[in-house]
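Q: What follows is a structure written as structure tokens; I'll ask about it next.
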Amino acid sequence: MSIKKQIPNIITLLNLFSGCIAVYFACVNQLALAALFTALGIFFDFFDGFFARLFNANSELGLQLDSLADMVTSGVVPGVFMFQMLLQSKAINDAMPIEVVGWDVIEWVPFLGFLVTLASCYRLANFNIDTRQTSSFIGLPTPANTLLIISIGLVSVNQSSGIVEVLLNNVWVLLIITILSCYLLNAEIRLFALKFKNWSLKDNWVRYLLIVSSIAAILLFNYMGVILSIFLYILLSLIFSNK
């Protein structure tokens, strides 16, 4: 195989490399750096497919590499993020003067954050064998779910105040978010892909609307804007799933 044909696979491996670094920083609770390398990995994940199409280098090997790399960047990383958030919420609850009955016997609660990793793994495996997902998605793509989880983590650390701070540091709220994440990953919900077959406004106006709205939301609300953008993506897909 020519070097040109290997370029998409090299980009996929850069996604995996970025994900490995993100896992390290997430494990040591350096969430900002973990988010940076996760975003870099997702960037590589987007462009490996672009170059595969550009160089006509689609292959079974590339498909498997892509899923394996995504399992780290968009599977393990969000699980560790949720683990860290649940661990922090437990520490806050432990520090409260009001004792929570039975809390001392559920030290394992933070490990439930890894349910996101399990759901991501199932979603990736199902994607590889589901022939319905060639031009659209069934369930929330793992990169989008990862952006949702890490943004929640960054909001809780950097932007939270008032009711937001209370909610994002509440263990039960985080467990609900975990369950919601697992559901969205594998729900029978058709979501449009951001792949452009052409640049026509008529054919892609929903995609352009999402992109412009997301940029505005991020500029206005920072990390919270990412969360709003993910839910806007789901909402637009539910309304215009045939686009």
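The values are calculated or read from the model by the stated rules, or taken from the named source; none is laboratory data. For clarity, every value in this text was computed on a predicted model and none was experimentally measured. Here Cβ is always computed from backbone atoms with ideal geometry, including for glycine, and neighbour counts include all displayed protein chains. To get the accessible areas, we keep the full protein, side chains included, count just its heavy atoms, and leave off ligands, DNA and RNA. Shrake-Rupley method; radii C 1.70, N 1.55, O 1.52, S 1.80 Å.
Q: Which of rounded, prolate, oblate describes segment 112-243, given a ≥ b ≥ c as roots of the alpha-carbon gyration tensor eigenvalues and a/c under 1.5 marking rounded, otherwise prolate only if a/b is larger than b/c?
A: In terms of gyration-tensor shape, oblate.
Q: Taking every pair of Cα atoms in segment 31-76, average 1/r, invert it to obtain the Kirkwood radius, and report Rg/Rh to two decimals.
A: 1.05
Q: Check cross-link reach from Lys90 to the aspartates and glutamates: straight Cα distance under 13 Å, and skip same-chain residues fewer than eight apart.
A: Straight-line reach from Lys90, under 13 Å: Glu99, Asp104, Glu107.
Q: Just the accessible area per residue of segment 103-243, please: how many Å² with a 1.4 Å probe?
A: Per-residue accessible area for segment 103-243 comes out at 54 Å².
Q: What spacing in nm lies between the two simple spin-label points modelled at Leu63 and Asn170, each 7 Å away from Cα in the Cβ direction?
A: 4.4
Q: Let me ask something else. Do any of Lys4/Lys202; Lys4/Lys195; Lys4/Lys197 go past 29 Å between their Cα atoms, and which?
A: Listed pairs above 29 Å: Lys4/Lys202.
Q: Just subtract the alpha-carbon distance of Tyr183 and Leu54 from 0.36 nm times their residue separation and send over the number in nm, one decimal.
A: Gain on extension, Tyr183 to Leu54, equals 43.0 nm.
Q: Which helices of the chain meet both criteria: a Cα extent of 30 Å or more along the helical axis and a mean Kyte-Doolittle score no lower than 0.5, with helices taken as whole DSSP H segments?
A: Passing helices, by number: 3-27, 31-54.
Q: Okay, moving on. Which FRET efficiency value, to the nearest 0.05, do you get for Phe46 and Ala125 by plugging their Cβ-Cβ distance into 1/(1 + (r/R0)^6) with R0 = 25 Å?
A: My answer for the efficiency is 0.75.
Q: For segment 137-243, give the percent of accessible area contributed by carbon and sulfur heavy atoms, probe 1.4 Å, rounded to a whole number.
A: Carbon and sulfur together cover 71 percent of it.
Q: With a cut-off of 8 Å between alpha carbons and a minimum separation of six or more residues, what is the relative contact order of the chain in percent?
A: 19
Q: Dividing the Cα convex hull volume of segment 2-81 by residue count, how many Å³ per residue is that?
A: Spread over its residues, the Cα hull of segment 2-81 gives 62 Å³ apiece.
Q: Now for a different question. Write down the accessible area per residue of segment 1-84 in Å², having rolled a 1.4 Å probe over the full set of protein chains.
A: 49
Q: Kindly rank 194-202, 29-37 from highest to lowest mean number of other beta carbons found within 10 Å of each residue.
A: Put in order of decreasing packing, that is 29-37, 194-202.
Q: Can you put Asp70, Asp203 in order of accessible area, largest first, using a 1.4 Å probe?
A: Largest to smallest exposure gives the sequence Asp203, Asp70.
Q: Which of Leu154, Leu210, Leu174 moves most in a GNM of the chain, Cα contacts under 10 Å?
A: Leu210
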